[in-house]
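Read-outs: derived from the displayed coordinates by stated rules, not from any lab. Small disclaimer: the values here were computed from a predicted structure and weren't measured. Using ideal geometry, Cβ is built from the backbone for each residue, glycine included, and neighbour counts are taken over all protein chains shown.
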Amino acid sequence: MFNNTMKDFLEKAWENAGFDAPTQVQEQAVPLIIEGKDVIVESPTGSGKTLAYLLPILQEIDINQKQVQVVILASSHELVMQIYHEVQNWTKDSDISGIALIGGANIKRQIEKLKKKPQLIVGTPGRVLELIKQKKLKVHQVKTIILDEADQLLVPEHKANLFTIIKSTPSERQMLLFSATLPEALALEAQSFMVAPETIRVNREDAGTPDVTYSYLLCEAREKIDVLRKIVRNENIQALVFFRDIGNLSVMAEKLNYKGMRIGELHGDLNKQEREKAIREFGKNELELLLATDVAARGLDIKDLSHVIQMDVPADSKQYIHRSGRTGRLGASGEGNVLSIITTAEERMLKSISRELDIELVEKVLQKGMLVNKR
């Protein structure tokens, strides 16, 4: 498909994006998807997964059929909107129409947009199912369903809705599962609604993602806020900062605000407008720090983000990958940096994760306010 067999609008978008060659995951997945096979793909964050399914499905959409042919499901509002913006970028010179369907947004407006008969929808399972039940979204002609970040959809919170949506579509439809991490048990469960799926697993070395440096700095729990402030101010960096829960994030936000830092917050207690505002201001470099919980930052794609800082050790290696994957993304300029500011009690957990992921951790210290390697 990459050798001048792309439709004109895709070829034009490919050239405009400045890509030279497909990534490993795109090279492996695209031909199988074009063939109509069910596919399970595990590939690192930032390796080009979204395009690995978007290119072939946009190539195959029949613009003469005015009904929903493709359903892309994602677990968070942010990820849905990110995918939808990619759809818009890649279809702007075509007659393909798509819409985003997320909870919290005006449902009447979404119903009006559905009357225009889009060929592709991107949505969260709750809102998509709600519209199917209201008979406003007809899925009887759907040819392909994509689960983006499938591991986040195959959880109790979404599973019932997900299965109901899948059962509402034709039995001969194509199923595509994409995720940065997909445990064997979930992959097996997914096969219950797939037909002889092909499995693609791309590791970090083969993914073609930019270089990322993984480091950590030890300090007392009470010192974490001052260490963070010194690093950001002295190194003159902008960073996405992760917390495991909203409580710790809120306490830190209050203290950083008091100390005059320009910060934004991203967590589940905020409404859609507040989250979008924080992401927008951070993207425009109006904020020094964007404080985020793991769930709220799923699928977040901030162009040229150089630093991810972790204020605790994540629950497991899977979470570490997702946090780290916000930097060093495909097409980013420069190296990505993932720094964990942790206590000595947390060090053992972090080293255990690094062994599991086979990544090299560099210990850093603060010297005159600047980060340097520990000798």
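Table for the structure above
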{"quantity": "For Leu101, residues with placed amide H under 5 Å, excluding near neighbours", "calculated": "Val122, Gly123, Thr124"}
{"quantity": "5 angstrom amide H check on Ile200, placed H, neighbours 5+ away", "calculated": "Ile40, Val41, Glu42"}
{"quantity": "The stretch 20-76, relative contact order in percent, only Cα pairs under 8 angstrom and at least six apart counted", "calculated": "35"}
{"quantity": "Magnitude of the charge dipole, the chain, Cβ model with Lys/Arg +1 and Asp/Glu -1, debye to 20", "calculated": "1340"}
{"quantity": "Dipole magnitude of the stretch 210-373 about its Cα centre (Cβ charges: Lys, Arg +1; Asp, Glu -1), debye to nearest 20", "calculated": "320"}
{"quantity": "Nearest-ten-degree value, helix 246-258 long axis tilted from longest Cα axis of the chain", "calculated": "60"}
{"quantity": "Whole-number percent relative contact order across the chain, with pairs defined as alpha carbons under 8 Å at least 6 apart", "calculated": "19"}
{"quantity": "Cα Rg, Dmax (largest Cα-Cα span) when computed across the stretch 210-373, Å", "calculated": "14.7, 40"}
{"quantity": "Rounded Å value of the spacing that divides the Cα centres of the stretch 66-89 and the stretch 110-189", "calculated": "11"}
{"quantity": "Derived scalar couplings ³J(HN,Hα) [the stretch 273-290; Karplus, 6.51 cos²θ - 1.76 cosθ + 1.60; whole Hz; x for Gly, Pro]", "calculated": "5, 5, 5, 4, 5, 4, 5, 5, 5, 5, x, 8, 6, 7, 10, 7, 10, 10"}
{"quantity": "The stretch 169-261 - Rg over Rh from alpha carbon coordinates, Kirkwood radius", "calculated": "1.18"}
{"quantity": "For the stretch 8-206: rounded, prolate or oblate by the Cα gyration tensor [a/c cutoff 1.5]", "calculated": "oblate"}
{"quantity": "Tilt relative to the chain, helix 156-168 - C-alpha long axis, 0 to 90 degrees, to 10", "calculated": "20"}
{"quantity": "Gained length - Asn89 relative to Asp358, 0.36 nm times residue gap less alpha-carbon distance", "calculated": "93.3 nm"}
{"quantity": "Under the Karplus curve 6.51 cos²θ - 1.76 cosθ + 1.60, θ = phi - 60°, whole-Hz ³J(HN,Hα) for the stretch 172-186, x wherever Gly or Pro sits", "calculated": "8, 5, 8, 10, 10, 10, 10, 7, 6, 9, 9, x, 3, 4, 5"}
{"quantity": "Share of Cα-Cα pairs in the stretch 1-103 lying beyond 25 Å, as whole percent", "calculated": "16"}
{"quantity": "Whole-Hz couplings from phi, Karplus 6.51/-1.76/1.60, listed for the stretch 129-137; x for Gly and Pro", "calculated": "5, 4, 6, 5, 5, 7, 6, 8, 10"}
{"quantity": "Kirkwood Rh, Cα atoms: Rg over Rh of the chain", "calculated": "0.98"}
{"quantity": "Farthest positive-ward along the chain dipole, Cα basis, beta-carbon charges - from Gly36, Leu270, Leu176", "calculated": "Leu270"}
{"quantity": "Angle between the chain longest axis and helix 24-34 axis [Cα atoms, degrees, rounded to 10]", "calculated": "20"}
{"quantity": "5 angstrom amide H check on Ser340, placed H, neighbours 5+ away", "calculated": "Ser215, Tyr216, Leu217, Gln310"}
